[in-house]
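The values are calculated or read from the model by the stated rules, or taken from the named source; none is laboratory data. The shown structure was predicted, so the numbers you read here are calculated from the model rather than taken from an experiment. Here the Cβ positions follow ideal geometry from the backbone for every residue, glycine too, while neighbour counts run over all protein chains shown. To get the accessible areas, we keep the full protein, side chains included, count just its heavy atoms, and leave off ligands, DNA and RNA. Shrake-Rupley method; radii C 1.70, N 1.55, O 1.52, S 1.80 Å.
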Amino acid sequence: MDLYKGMKMTKREKVTVENTAKTLGSGSLCVYGTPAMLLLVEKTAVALLEGRLDEGMTSVGISLNVEHVSATPLGAEVRCQVELLEIDRKRLVFSALVEDAAGVIGKGTHERFIVDAKKFQEKADGKF
């Protein structure tokens, strides 16, 4: 495992009709949807971990505590930066900051847990 506190990753995306609150069903307006912002936080954390976990391991999201504090209109770009704040054995804690050109639109924390990919999938598949 090649992880250390302070690691950062940034991902960007444009606000399109597909990721608006109206399309996602989380509201009635054509602004960047909260579900899209939360997904961007997770995607950014996953990108940070890519190629850094031991063979056969992956990570799963276990907690998102992110405030959506400002609306972003269609056509604008959104930037998400995560930073690895804590490594507690297999539990990873990230800070998340999401911004558009006008400033902060989201902030909070995201936790992931490192798991054996095969065992986790088998356990999930065996539920039903």
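Heavy-atom surface analysis with a 1.4 Å probe gives the stretch 33-128 a carbon and sulfur content of 51 percent of its accessible area. Shown here for the stretch 5-66: GluC sites (Glu not before Pro) in loop regions (DSSP other than H, G, I, E, B) with at most 16 other Cβ atoms within 10 Å, namely E50, E55.
For the stretch 1-100, applying the loop criterion from DSSP together with a ceiling of 14 other beta carbons within 10 Å to the chymotrypsin sites (Phe, Trp or Tyr not before Pro) yields Y4. Taken over the alpha carbons of the stretch 35-87 as equal point scatterers, the Debye sum produces base-10 log I(q)/I(0) values at 0.18 Å⁻¹ of -0.71. Sites listed here are trypsin sites (Lys or Arg not before Pro) in the stretch 98-128 whose DSSP assignment is loop and whose Cβ has at most 15 other Cβ atoms within 10 Å: K127. Taking every alpha-carbon pair under 8 Å whose residues sit at least 6 apart, the chain reaches a relative contact order of 28 percent.
Its DSSP H runs of at least 4 residues, each contributing -39,500 (n - 2.57), put the calculated 222 nm mean residue ellipticity of the chain at -6500 deg cm²/dmol, to the nearest 500. Of the residues V46, C80, G25, the one whose Cα sits farthest towards the positive end of the charge dipole of the chain is G25 (charges of +1 on Lys and Arg Cβ, -1 on Asp and Glu Cβ, taken about the Cα centre).
Keeping every protein chain present and rolling a 1.4 Å probe, give me the accessible area per residue for the stretch 67-126 in Å².
56 Å²
Between the Cα long axis of helix 34-49 and the first principal axis of the chain there is an angle of about 40°, rounded to the nearest 10.
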